[in-house]
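All remarks here apply to the structure that follows.
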Amino acid sequence: MRKKRRGFIDSRKWYRYQFFGSASVTIVKDNKAIEATVANISFSGIGLYSPMPVGKGKKVKIKISFIDRAGKVREDMTSGKVDWQSKFKKTYLIGIVFDDELNILSQPNLLDHLIWLINTYNWPQPYKDKRISML
């Protein structure tokens, strides 16, 4: 008997936001850095477009750079693990899960900018559970 295939179920608890920025991804064991473009970001992970593969399961450090509302270049660091990677033509789509969720103490510039974007453009609050309001 053939197993019935289920549709995609999004089990993420944080919303993803489209985000204009770049990321320098350093593979911890190799100490090799790859420059990538941010596709989207949530409080628990980031989606990137990269010209080179990173490798599923690799531990990485990520320096996220973006332009804030005042026009200044800001940067924040975080770390994580490559959850998935897929090749699309000459580009690699990479999903990274952060070791710790973004927070105001560790990523003050990035979180301040995300909060500003959410409030300015009336984007959904970050946490999908409507009973919890973070911002």
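The values are calculated or read from the model by the stated rules, or taken from the named source; none is laboratory data. Keep in mind it's a predicted model, so treat the numbers as computed, not measured. Methodologically, a virtual Cβ is constructed for each residue, glycine included, from the backbone with ideal geometry; neighbour enumeration extends over all protein chains shown. Just the protein is used for accessible areas: all its heavy atoms, side chains included, with ligands, DNA and RNA removed. Shrake-Rupley method; radii C 1.70, N 1.55, O 1.52, S 1.80 Å.
Quick notes on this structure:
- Residue in the stretch 88-100 that is closer than 16 Å to Tyr15 by Cα and touching a residue at least 60 places away in the same chain (Cβ under 8 Å) present: yes
- Matching entry among Gly95, Gly57 (being at pLDDT 95 or above, loosely packed, with under 14 Cβ neighbours inside 10 Å and among the small types (Gly, Ala, Ser)): Gly57
- Taken over the stretch 23-50, the criterion of being more than 26 Å from Gln125 (Cβ to Cβ) and either open to solvent by 80 Å² or more (accessible area, probe 1.4 Å) or in contact with an Asp or Glu (Cβ under 7 Å, 6 or more places away or on another chain) (or both) is satisfied by Ser24, Lys29, Asp30, Asn31, Lys32, Glu35, Tyr49.
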